[in-house]
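Notes to accompany the following structure.
The values are calculated or read from the model by the stated rules, or taken from the named source; none is laboratory data. Predicted, not measured: the structure shown is a model, and the values here were computed from it. A quick note on method: Cβ atoms are made from the backbone with ideal geometry, for glycine too, and the neighbour counts reach across all protein chains shown.
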Ligand code: GLU
(Lines give C-alpha, C1' and ligand atoms only; values in the text may rest on other atoms or scores of the structure.)
Protein backbone atom coordinates (compact mmCIF):
# COMPACT_ATOMS: atom_id res chain seq x y z
CA UNK A 1 0.00 0.00 0.00
CA UNK A 2 1.46 3.31 -1.12
CA UNK A 3 1.31 6.04 1.53
CA UNK A 4 2.32 9.63 0.83
CA UNK A 5 2.08 12.70 2.96
CA UNK A 6 1.99 16.42 2.48
CA UNK A 7 3.57 18.06 5.51
CA UNK A 8 3.13 21.84 5.55
CA UNK A 9 4.12 23.97 8.51
CA UNK A 10 1.12 26.13 9.38
CA UNK A 11 3.15 29.31 9.50
CA UNK A 12 1.43 30.76 6.43
CA UNK A 13 -0.92 29.85 3.64
CA UNK A 14 -0.02 27.50 0.79
CA UNK A 15 1.68 28.96 -2.27
CA UNK A 16 2.10 27.60 -5.77
CA UNK A 17 5.28 25.71 -4.83
CA UNK A 18 3.79 23.74 -1.98
CA UNK A 19 0.47 23.31 -3.77
CA UNK A 20 2.51 21.50 -6.42
CA UNK A 21 4.11 19.28 -3.77
CA UNK A 22 0.71 18.50 -2.29
CA UNK A 23 -0.66 17.73 -5.75
CA UNK A 24 2.10 15.29 -6.64
CA UNK A 25 1.75 13.47 -3.33
CA UNK A 26 -1.99 13.22 -3.90
CA UNK A 27 -1.60 12.11 -7.52
CA UNK A 28 0.95 9.44 -6.75
CA UNK A 29 -1.19 7.99 -3.95
CA UNK A 30 -4.34 8.10 -6.11
CA UNK A 31 -2.55 6.56 -9.09
CA UNK A 32 -1.66 3.53 -6.96
CA UNK A 33 -4.79 3.18 -4.88
CA UNK A 34 -2.80 4.36 -1.86
CA UNK A 35 -3.34 6.78 0.99
CA UNK A 36 -2.58 10.49 1.02
CA UNK A 37 -1.99 12.03 4.44
CA UNK A 38 -2.04 15.64 5.49
CA UNK A 39 0.49 16.11 8.25
CA UNK A 40 0.48 19.43 10.01
CA UNK A 41 4.10 20.13 11.00
CA UNK A 42 3.34 22.37 13.93
CA UNK A 43 6.24 21.68 16.26
CA UNK A 44 7.13 25.35 16.07
CA UNK A 45 4.50 26.60 18.50
CA UNK A 46 5.59 30.22 18.15
CA UNK A 47 5.09 30.46 14.42
CA UNK A 48 2.26 27.97 13.88
CA UNK A 49 -1.24 29.41 13.79
CA UNK A 50 -4.62 27.69 13.78
CA UNK A 51 -5.96 30.01 11.10
CA UNK A 52 -3.27 28.71 8.75
CA UNK A 53 -4.22 25.10 9.56
CA UNK A 54 -7.80 25.97 8.58
CA UNK A 55 -6.64 27.77 5.44
CA UNK A 56 -4.47 24.81 4.38
CA UNK A 57 -7.41 22.43 4.80
CA UNK A 58 -9.74 24.75 2.89
CA UNK A 59 -7.25 25.27 0.07
CA UNK A 60 -6.67 21.54 -0.35
CA UNK A 61 -10.42 20.93 -0.35
CA UNK A 62 -10.94 23.62 -3.00
CA UNK A 63 -8.24 22.04 -5.13
CA UNK A 64 -9.86 18.63 -4.71
CA UNK A 65 -6.81 17.19 -2.93
CA UNK A 66 -8.70 15.58 -0.10
CA UNK A 67 -6.51 13.75 2.40
CA UNK A 68 -7.43 10.30 3.65
CA UNK A 69 -6.33 11.27 7.14
CA UNK A 70 -4.85 14.19 9.00
CA UNK A 71 -2.04 14.02 11.51
CA UNK A 72 -0.57 16.69 13.70
CA UNK A 73 2.89 16.82 15.14
CA UNK A 74 1.88 18.81 18.22
CA UNK A 75 -0.31 15.85 19.24
CA UNK A 76 2.62 13.45 19.05
CA UNK A 77 5.26 14.95 21.28
CA UNK A 78 4.99 12.10 23.81
CA UNK A 79 5.90 9.72 21.02
CA UNK A 80 8.89 11.87 20.01
CA UNK A 81 10.03 11.88 23.62
CA UNK A 82 9.96 8.07 23.73
CA UNK A 83 11.98 7.65 20.54
CA UNK A 84 14.34 10.39 21.65
CA UNK A 85 15.07 8.51 24.88
CA UNK A 86 15.60 5.26 22.97
CA UNK A 87 17.99 6.87 20.53
CA UNK A 88 19.81 8.67 23.32
CA UNK A 89 20.20 5.43 25.31
CA UNK A 90 21.62 3.79 22.20
CA UNK A 91 24.16 6.59 21.74
CA UNK A 92 22.59 8.16 18.64
CA UNK A 93 21.82 11.45 20.35
CA UNK A 94 24.11 13.54 22.52
CA UNK A 95 23.88 16.81 24.43
CA UNK A 96 25.83 19.85 23.26
CA UNK A 97 26.36 23.05 25.21
CA UNK A 98 27.77 25.60 22.80
CA UNK A 99 26.00 28.91 22.52
CA UNK A 100 24.95 30.23 19.14
CA UNK A 101 27.84 32.69 19.30
CA UNK A 102 30.36 29.94 20.01
CA UNK A 103 29.07 27.90 17.08
CA UNK A 104 29.21 30.93 14.87
CA UNK A 105 32.81 31.53 15.84
CA UNK A 106 33.72 27.90 15.16
CA UNK A 107 32.22 28.18 11.69
CA UNK A 108 34.14 31.37 11.00
CA UNK A 109 37.40 29.81 12.07
CA UNK A 110 36.78 26.75 9.90
CA UNK A 111 36.01 28.95 6.90
CA UNK A 112 39.09 31.03 7.59
CA UNK A 113 41.14 27.85 7.31
CA UNK A 114 39.41 26.93 4.09
CA UNK A 115 37.54 24.06 5.78
CA UNK A 116 33.83 23.30 5.49
CA UNK A 117 31.92 24.68 8.52
CA UNK A 118 31.17 21.25 9.96
CA UNK A 119 30.46 20.92 13.68
CA UNK A 120 33.62 19.62 15.37
CA UNK A 121 31.82 17.32 17.84
CA UNK A 122 33.56 18.99 20.76
CA UNK A 123 30.56 18.11 22.94
CA UNK A 124 31.30 14.42 22.41
CA UNK A 125 34.66 14.77 24.17
CA UNK A 126 33.25 16.37 27.30
CA UNK A 127 33.84 14.34 30.43
CA UNK A 128 31.02 13.59 32.85
CA UNK A 129 32.55 16.14 35.22
CA UNK A 130 32.63 18.85 32.57
CA UNK A 131 29.02 18.20 31.69
CA UNK A 132 28.01 18.23 35.32
CA UNK A 133 29.80 21.54 35.81
CA UNK A 134 28.09 23.12 32.82
CA UNK A 135 24.71 21.94 34.00
CA UNK A 136 25.53 23.08 37.50
CA UNK A 137 26.15 26.51 36.00
CA UNK A 138 22.63 26.38 34.59
CA UNK A 139 23.65 25.69 30.98
CA UNK A 140 20.97 23.54 29.39
CA UNK A 141 22.06 21.44 26.42
CA UNK A 142 20.59 21.26 22.99
CA UNK A 143 20.68 17.85 21.35
CA UNK A 144 22.44 16.57 18.29
CA UNK A 145 21.97 13.43 16.29
CA UNK A 146 25.27 11.64 15.91
CA UNK A 147 25.87 10.76 12.29
CA UNK A 148 27.41 7.42 11.50
CA UNK A 149 30.61 8.28 9.66
CA UNK A 150 31.36 4.75 8.53
CA UNK A 151 29.67 4.60 5.17
CA UNK A 152 28.43 7.06 2.56
CA UNK A 153 24.75 7.88 2.67
CA UNK A 154 23.18 6.83 -0.58
CA UNK A 155 19.76 6.45 -2.10
CA UNK A 156 18.22 6.19 -5.50
CA UNK A 157 16.04 9.25 -5.80
CA UNK A 158 12.93 8.74 -7.93
CA UNK A 159 13.58 12.04 -9.69
CA UNK A 160 17.25 12.84 -9.18
CA UNK A 161 18.64 9.34 -9.60
CA UNK A 162 21.51 7.98 -7.45
CA UNK A 163 22.48 10.33 -4.61
CA UNK A 164 25.44 10.05 -2.32
CA UNK A 165 26.62 12.10 0.65
CA UNK A 166 29.72 11.73 2.77
CA UNK A 167 28.51 12.01 6.37
CA UNK A 168 31.93 13.29 7.45
CA UNK A 169 31.23 16.47 5.54
CA UNK A 170 27.99 17.04 7.42
CA UNK A 171 27.36 18.47 10.88
CA UNK A 172 25.54 16.30 13.37
CA UNK A 173 22.13 17.91 13.11
CA UNK A 174 20.59 19.66 16.08
CA UNK A 175 17.29 17.89 16.62
CA UNK A 176 16.08 19.50 19.82
CA UNK A 177 16.55 22.92 21.33
CA UNK A 178 17.69 23.64 24.88
CA UNK A 179 14.12 24.53 25.84
CA UNK A 180 13.02 21.01 24.84
CA UNK A 181 11.26 22.11 21.66
CA UNK A 182 11.71 20.02 18.50
CA UNK A 183 13.30 20.87 15.24
CA UNK A 184 11.64 19.46 12.16
CA UNK A 185 14.13 16.71 11.36
CA UNK A 186 13.61 13.87 13.83
CA UNK A 187 9.83 14.18 14.38
CA UNK A 188 9.39 14.01 10.62
CA UNK A 189 11.38 10.77 10.37
CA UNK A 190 9.50 9.29 13.34
CA UNK A 191 6.18 10.21 11.75
CA UNK A 192 7.14 8.84 8.38
CA UNK A 193 8.00 5.56 10.01
CA UNK A 194 4.99 5.39 12.35
CA UNK A 195 2.54 6.40 9.64
CA UNK A 196 3.86 3.85 7.19
CA UNK A 197 4.85 6.50 4.65
CA UNK A 198 6.27 4.68 1.65
CA UNK A 199 7.16 7.69 -0.51
CA UNK A 200 8.38 11.11 0.58
CA UNK A 201 7.77 13.60 -2.22
CA UNK A 202 9.10 17.08 -1.56
CA UNK A 203 11.19 19.91 -2.95
CA UNK A 204 14.88 19.52 -3.68
CA UNK A 205 15.63 21.99 -0.88
CA UNK A 206 15.20 18.93 1.35
CA UNK A 207 17.84 16.74 -0.30
CA UNK A 208 20.41 17.27 2.48
CA UNK A 209 17.74 16.65 5.10
CA UNK A 210 17.04 13.33 3.43
CA UNK A 211 20.66 12.28 3.86
CA UNK A 212 20.40 13.07 7.58
CA UNK A 213 16.98 11.48 7.96
CA UNK A 214 18.14 8.27 6.27
CA UNK A 215 20.53 7.84 9.16
CA UNK A 216 17.70 8.48 11.58
CA UNK A 217 15.64 5.73 9.98
CA UNK A 218 18.65 3.43 10.28
CA UNK A 219 19.13 4.39 13.94
CA UNK A 220 15.47 3.59 14.59
CA UNK A 221 15.93 0.22 12.88
CA UNK A 222 13.36 1.22 10.27
CA UNK A 223 13.41 0.71 6.52
CA UNK A 224 13.40 4.17 4.94
CA UNK A 225 10.71 5.33 2.52
CA UNK A 226 11.52 6.06 -1.11
CA UNK A 227 12.31 9.69 -1.88
CA UNK A 228 11.40 11.93 -4.79
CA UNK A 229 12.87 15.43 -4.71
CA UNK A 230 11.33 17.81 -7.17
CA UNK A 231 13.15 20.64 -8.90
CA UNK A 232 11.97 23.96 -7.58
CA UNK A 233 9.56 26.27 -9.37
CA UNK A 234 10.75 29.53 -10.79
CA UNK A 235 8.80 32.50 -12.10
CA UNK A 236 8.29 33.04 -15.82
CA UNK A 237 11.47 35.10 -15.88
CA UNK A 238 13.42 32.06 -14.71
CA UNK A 239 14.13 33.25 -11.20
CA UNK A 240 12.66 32.30 -7.86
CA UNK A 241 10.21 35.14 -7.77
CA UNK A 242 8.77 36.80 -4.74
CA UNK A 243 5.34 36.70 -6.30
CA UNK A 244 5.53 32.91 -6.61
CA UNK A 245 6.37 32.59 -2.94
CA UNK A 246 3.20 34.38 -1.96
CA UNK A 247 0.85 33.44 -4.78
CA UNK A 248 -1.76 31.21 -3.21
CA UNK A 249 -5.24 29.88 -3.65
CA UNK A 250 -6.95 33.02 -2.46
CA UNK A 251 -5.31 35.25 -5.08
CA UNK A 252 -5.71 32.72 -7.88
CA UNK A 253 -9.33 32.15 -7.00
CA UNK A 254 -9.98 35.89 -6.97
CA UNK A 255 -8.57 36.05 -10.50
CA UNK A 256 -11.07 33.44 -11.63
CA UNK A 257 -8.60 30.57 -11.84
CA UNK A 258 -10.33 27.19 -11.59
CA UNK A 259 -8.88 24.48 -9.34
CA UNK A 260 -8.69 22.18 -12.38
CA UNK A 261 -6.48 24.72 -14.17
CA UNK A 262 -4.03 24.76 -11.27
CA UNK A 263 -4.10 20.97 -11.10
CA UNK A 264 -3.67 20.56 -14.88
CA UNK A 265 -0.74 22.95 -15.08
CA UNK A 266 1.10 21.89 -11.93
CA UNK A 267 0.60 18.20 -12.73
CA UNK A 268 2.80 18.55 -15.78
CA UNK A 269 5.06 21.53 -15.15
CA UNK A 270 8.66 20.36 -15.04
CA UNK A 271 7.84 17.04 -16.67
CA UNK A 272 8.40 15.83 -20.20
CA UNK A 273 4.65 15.45 -20.69
CA UNK A 274 2.61 18.23 -22.29
CA UNK A 275 0.19 20.28 -20.22
CA UNK A 276 -3.33 18.99 -20.82
CA UNK A 277 -6.16 21.22 -19.62
CA UNK A 278 -8.60 18.74 -18.12
CA UNK A 279 -11.63 19.50 -15.98
CA UNK A 280 -11.41 15.95 -14.60
CA UNK A 281 -7.90 15.07 -13.39
CA UNK A 282 -8.35 11.28 -13.64
CA UNK A 283 -6.25 10.89 -16.84
CA UNK A 284 -3.51 13.06 -15.33
CA UNK A 285 -3.49 10.88 -12.23
CA UNK A 286 -3.36 7.70 -14.27
CA UNK A 287 -0.37 8.98 -16.27
CA UNK A 288 1.57 10.27 -13.25
CA UNK A 289 5.15 9.03 -13.28
CA UNK A 290 8.22 10.35 -11.45
CA UNK A 291 10.37 9.20 -14.36
CA UNK A 292 8.83 12.04 -16.40
CA UNK A 293 10.11 14.72 -14.03
CA UNK A 294 13.17 16.68 -15.07
CA UNK A 295 15.89 18.07 -12.85
CA UNK A 296 15.83 21.57 -14.30
CA UNK A 297 13.79 24.18 -12.44
CA UNK A 298 10.21 24.27 -13.68
CA UNK A 299 8.89 27.61 -14.91
CA UNK A 300 5.56 28.76 -13.65
CA UNK A 301 4.02 31.32 -15.97
CA UNK A 302 0.78 33.01 -14.97
CA UNK A 303 -0.07 33.63 -18.63
CA UNK A 304 0.13 29.91 -19.27
CA UNK A 305 -2.12 29.37 -16.28
CA UNK A 306 -4.65 31.84 -17.74
CA UNK A 307 -4.63 29.96 -21.06
CA UNK A 308 -5.07 26.62 -19.36
CA UNK A 309 -7.84 28.16 -17.30
CA UNK A 310 -9.76 29.36 -20.35
CA UNK A 311 -9.57 25.89 -21.84
CA UNK A 312 -10.85 24.41 -18.59
CA UNK A 313 -13.72 26.90 -18.44
CA UNK A 314 -14.72 25.85 -21.96
CA UNK A 315 -15.19 22.29 -20.66
CA UNK A 316 -17.16 23.04 -17.50
CA UNK A 317 -20.71 21.77 -17.42
CA UNK A 318 -23.62 23.94 -16.36
CA UNK A 319 -24.00 21.81 -13.21
CA UNK A 320 -20.40 22.54 -12.27
CA UNK A 321 -20.86 26.30 -12.42
CA UNK A 322 -24.59 26.85 -11.78
CA UNK A 323 -24.07 28.27 -8.29
CA UNK A 324 -21.66 30.87 -9.66
CA UNK A 325 -23.92 32.16 -12.44
CA UNK A 326 -26.30 35.10 -12.20
CA UNK A 327 -29.93 34.25 -11.38
CA UNK A 328 -31.90 33.20 -14.42
CA UNK A 329 -28.91 32.09 -16.43
CA UNK A 330 -29.72 28.56 -17.59
CA UNK A 331 -27.82 25.72 -19.26
CA UNK A 332 -28.50 27.02 -22.78
CA UNK A 333 -27.16 30.43 -21.83
CA UNK A 334 -24.07 28.93 -20.21
CA UNK A 335 -23.36 26.82 -23.26
CA UNK A 336 -23.87 29.80 -25.55
CA UNK A 337 -21.34 32.03 -23.81
CA UNK A 338 -18.90 29.40 -22.50
CA UNK A 339 -16.60 29.32 -25.57
CA UNK A 340 -15.96 33.05 -25.15
CA UNK A 341 -14.99 33.02 -21.50
CA UNK A 342 -11.60 33.22 -19.83
CA UNK A 343 -13.20 32.92 -16.42
CA UNK A 344 -16.59 31.76 -15.16
CA UNK A 345 -17.22 35.21 -13.71
CA UNK A 346 -17.25 36.68 -17.21
CA UNK A 347 -20.46 34.74 -17.90
CA UNK A 348 -22.27 37.44 -15.93
CA UNK A 349 -21.09 40.08 -18.43
CA UNK A 350 -22.66 38.16 -21.29
CA UNK A 351 -25.78 37.51 -19.30
CA UNK A 352 -26.06 41.26 -18.82
CA UNK A 353 -25.79 41.60 -22.60
CA UNK A 354 -28.61 39.07 -23.03
CA UNK A 355 -30.84 40.79 -20.50
CA UNK A 356 -29.91 44.30 -21.62
CA UNK A 357 -30.07 47.14 -21.90
CA UNK A 358 -27.14 47.30 -24.29
CA UNK A 359 -25.48 50.49 -25.43
CA UNK A 360 -24.82 50.10 -29.13
CA UNK A 361 -22.77 52.60 -31.13
CA UNK A 362 -24.88 54.69 -33.52
CA UNK A 363 -24.87 53.13 -37.02
CA UNK A 364 -24.13 55.12 -40.13
CA UNK A 365 -27.03 55.93 -42.45
CA UNK A 366 -26.61 52.81 -44.58
CA UNK A 367 -26.53 50.52 -41.59
CA UNK A 368 -29.43 52.37 -39.99
CA UNK A 369 -31.57 51.54 -43.00
CA UNK A 370 -30.29 47.99 -42.95
CA UNK A 371 -31.16 47.60 -39.27
CA UNK A 372 -34.62 48.98 -39.93
CA UNK A 373 -35.10 46.22 -42.46
CA UNK A 374 -33.65 43.73 -39.97
CA UNK A 375 -36.18 44.79 -37.34
CA UNK A 376 -38.99 44.23 -39.82
CA UNK A 377 -37.64 40.81 -40.78
CA UNK A 378 -37.13 39.86 -37.15
CA UNK A 379 -40.85 40.38 -36.58
CA UNK A 380 -41.69 37.82 -39.26
CA UNK A 381 -39.26 34.94 -38.82
CA UNK A 382 -39.84 31.72 -36.88
CA UNK A 383 -38.21 32.23 -33.46
CA UNK A 384 -38.71 28.62 -32.45
CA UNK A 385 -35.97 27.03 -34.53
CA UNK A 386 -32.87 28.94 -35.57
CA UNK A 387 -33.72 32.65 -35.61
CA UNK A 388 -30.20 33.86 -36.41
CA UNK A 389 -29.98 31.85 -39.61
CA UNK A 390 -33.54 32.71 -40.54
CA UNK A 391 -32.83 36.41 -39.97
CA UNK A 392 -29.52 36.56 -41.80
CA UNK A 393 -30.72 34.37 -44.70
CA UNK A 394 -33.72 36.62 -45.23
CA UNK A 395 -31.57 39.77 -44.99
CA UNK A 396 -28.98 38.40 -47.39
CA UNK A 397 -31.72 37.69 -49.86
CA UNK A 398 -33.36 41.06 -49.40
CA UNK A 399 -30.26 43.30 -49.33
CA UNK A 400 -27.55 41.38 -51.19
CA UNK A 401 -25.24 41.96 -48.21
CA UNK A 402 -22.92 39.17 -47.16
CA UNK A 403 -20.04 38.57 -44.76
CA UNK A 404 -19.13 41.33 -42.37
CA UNK A 405 -21.57 43.98 -43.64
CA UNK A 406 -24.35 41.41 -43.23
CA UNK A 407 -23.41 40.27 -39.71
CA UNK A 408 -21.52 43.02 -37.90
CA UNK A 409 -24.24 45.71 -37.78
CA UNK A 410 -26.62 43.10 -36.38
CA UNK A 411 -24.15 41.96 -33.74
CA UNK A 412 -23.47 45.56 -32.73
CA UNK A 413 -27.12 46.46 -32.48
CA UNK A 414 -28.03 43.28 -30.62
CA UNK A 415 -25.09 43.08 -28.19
CA UNK A 416 -23.43 46.49 -28.21
CA UNK A 417 -20.14 44.78 -29.06
CA UNK A 418 -18.11 43.80 -32.09
CA UNK A 419 -17.12 40.39 -30.79
CA UNK A 420 -18.63 37.72 -28.64
CA UNK A 421 -20.35 34.37 -28.55
CA UNK A 422 -21.81 32.76 -31.62
CA UNK A 423 -24.91 34.82 -32.50
CA UNK A 424 -26.79 31.64 -33.41
CA UNK A 425 -26.54 30.64 -29.75
CA UNK A 426 -26.99 34.13 -28.33
CA UNK A 427 -30.01 35.34 -30.30
CA UNK A 428 -32.50 32.79 -28.96
CA UNK A 429 -31.47 33.90 -25.45
CA UNK A 430 -32.02 37.55 -26.30
CA UNK A 431 -35.40 36.53 -27.71
CA UNK A 432 -37.80 38.13 -30.10
CA UNK A 433 -39.02 41.07 -28.05
CA UNK A 434 -35.62 42.37 -26.97
CA UNK A 435 -34.05 41.68 -30.36
CA UNK A 436 -36.72 43.58 -32.23
CA UNK A 437 -36.47 46.48 -29.78
CA UNK A 438 -32.69 46.65 -30.13
CA UNK A 439 -32.76 46.56 -33.91
CA UNK A 440 -35.52 49.16 -33.88
CA UNK A 441 -33.81 51.51 -31.47
CA UNK A 442 -30.83 51.60 -33.79
CA UNK A 443 -33.01 52.91 -36.55
CA UNK A 444 -34.02 55.71 -34.28
CA UNK A 445 -37.49 54.19 -33.95
N1 LIG B 1 7.26 20.89 7.20
C2 LIG B 1 8.30 20.65 6.24
C3 LIG B 1 8.26 21.75 5.21
O4 LIG B 1 7.23 22.37 5.04
C5 LIG B 1 8.03 19.31 5.62
C6 LIG B 1 9.08 18.84 4.70
C7 LIG B 1 8.82 17.39 4.34
O8 LIG B 1 8.01 17.16 3.43
O9 LIG B 1 9.36 16.50 4.99
O10 LIG B 1 9.26 22.04 4.60
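Just for the range 113-127: of the residues that are surrounded by fewer than 10 Cβ atoms within 10 Å (Cβ to Cβ) and modelled with pLDDT under 95, which one is nearest to residue 227 (Cα to Cα)? Show your work before the answer.
Of the residues in the range 113-127, the ones surrounded by fewer than 10 Cβ atoms within 10 Å (Cβ to Cβ) are 113-114, 125, 127.
From what's left, modelled with pLDDT under 95: 113-114.
Numbers: 113: 35, 114: 33 Å.
Restricting to residues being surrounded by fewer than 10 Cβ atoms within 10 Å (Cβ to Cβ) and modelled with pLDDT under 95, the top hit is 114.
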task = Six or more apart or on different chains, Cβ under 6 Å: which pairs go from a residue in the range 96-123 that's over 13 Å from residue 141 (Cβ atoms) to one that's surrounded by fewer than 14 Cβ atoms within 10 Å (Cβ to Cβ)? Could you list them?
result = 116/169; 117/111
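Residue-by-condition table, conditions (1) buried (at least 17 other Cβ atoms within 10 Å of the Cβ); (2) within 24 Å of residue 334 (Cβ to Cβ):
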site	(1), (2)
351	yes, yes
358	yes, yes
363	yes, no
369	no, no
378	yes, no
387	yes, yes
395	yes, no
414	yes, yes
438	yes, yes
request  = Please work out if residue 280 is farther than 17 Å from residue 18 by Cα, more than 16 Å from the ligand (Cβ to nearest atom) and surrounded by fewer than 20 Cβ atoms within 10 Å (Cβ to Cβ).
outcome  = yes
Single residue of 228, 222, 260, 267 found to be touching a residue at least 12 places away in the same chain (Cβ under 8 Å) and within 13 Å of the ligand (Cβ to nearest atom) = 228
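Counting just the residues of the range 11-39 that are near the ligand (Cβ under 9 Å from one of its atoms) and buried (at least 17 other Cβ atoms within 10 Å of the Cβ), which one comes out farthest from the chain's Cα centre (by Cα)? It would help to see each step written out before you state the result.
Initially, the range 11-39 is screened for residues near the ligand (Cβ under 9 Å from one of its atoms), giving 11, 18, 21, 25, 39.
Those still in the list that are buried (at least 17 other Cβ atoms within 10 Å of the Cβ) too: 18, 21, 25, 39.
Details: 18: 6, 21: 8, 25: 12, 39: 17 Å.
Within the range 11-39, the match that is farthest from the chain's Cα centre (by Cα) is 39.
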note = Taking the range 124-142 and the residues there that are touching a residue at least 12 places away in the same chain (Cβ under 8 Å) and part of a helix (DSSP H, G or I), the one that is nearest to residue 165 (Cα to Cα) would be 124
query = Out of all the residues in the range 196-214, which are surrounded by 16 or more Cβ atoms within 10 Å (Cβ to Cβ) and in contact with a helix residue (DSSP H, G or I) (Cβ under 7 Å, 6 or more places away or on another chain)?
reply = 199, 200, 201, 202, 209, 212, 213
query = What tally of residues in the range 315-356 results from selecting those that are free of Cβ contacts under 8 Å to residues at least 60 places away in the same chain and either within 18 Å of residue 418 (Cβ to Cβ) or in contact with a helix residue (DSSP H, G or I) (Cβ under 6 Å, 6 or more places away or on another chain) (or both)?
reply = 12
query = When both residues are 6+ apart or on different chains and their Cβ atoms are under 9 Å apart, which pairs have a first residue that lies in the range 193-208 and is more than 8 Å from the ligand (Cβ to nearest atom), and a second that is modelled with pLDDT under 95 and not in a helix (DSSP H, G or I)?
reply = 204/231; 204/232; 204/295
message = If the requirement is being within 16 Å of the chain's Cα centre (by Cα), more than 14 Å from the ligand (Cβ to nearest atom) and either assigned to a helix (DSSP H, G or I) or touching a residue at least 24 places away in the same chain (Cβ under 8 Å) (or both), which of these qualifies: 54, 59?
response = 59
message = Please determine whether any residue of the range 167-190 is within 13 Å of the ligand (Cβ to nearest atom), more than 30 Å from residue 110 (Cβ to Cβ), more than 25 Å from the chain's Cα centre (by Cα) and at pLDDT 95 or above.
response = yes
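Does the range 143-175 hold any residues that are in contact with a strand residue (DSSP E or B) (Cβ under 9 Å, 6 or more places away or on another chain), outside any strand (DSSP E or B) and in contact (Cβ under 8 Å) with a residue 24 or more places away in the chain, and which are they? I'd like the intermediate steps shown before the answer.
In the first step, residues of the range 143-175 are kept if they are in contact with a strand residue (DSSP E or B) (Cβ under 9 Å, 6 or more places away or on another chain); the result is 143-147, 152-160, 162-167, 170-175.
If we keep only those that are outside any strand (DSSP E or B) too, we end up with 146-147, 152, 158-160, 166-167, 170-173.
Of everything in the range 143-175, those that are in contact with a strand residue (DSSP E or B) (Cβ under 9 Å, 6 or more places away or on another chain), outside any strand (DSSP E or B) and in contact (Cβ under 8 Å) with a residue 24 or more places away in the chain turn out to be 146, 147, 158, 159, 160, 167, 170, 171, 172, 173.
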request  = Give just the number: which of (1) more than 16 Å from the ligand (Cβ to nearest atom); (2) more than 24 Å from residue 220 (Cβ to Cβ); (3) in contact with a strand residue (DSSP E or B) (Cβ under 9 Å, 6 or more places away or on another chain); (4) assigned to a loop (DSSP other than H, G, I, E, B) does residue 67 not satisfy?
outcome  = (1)
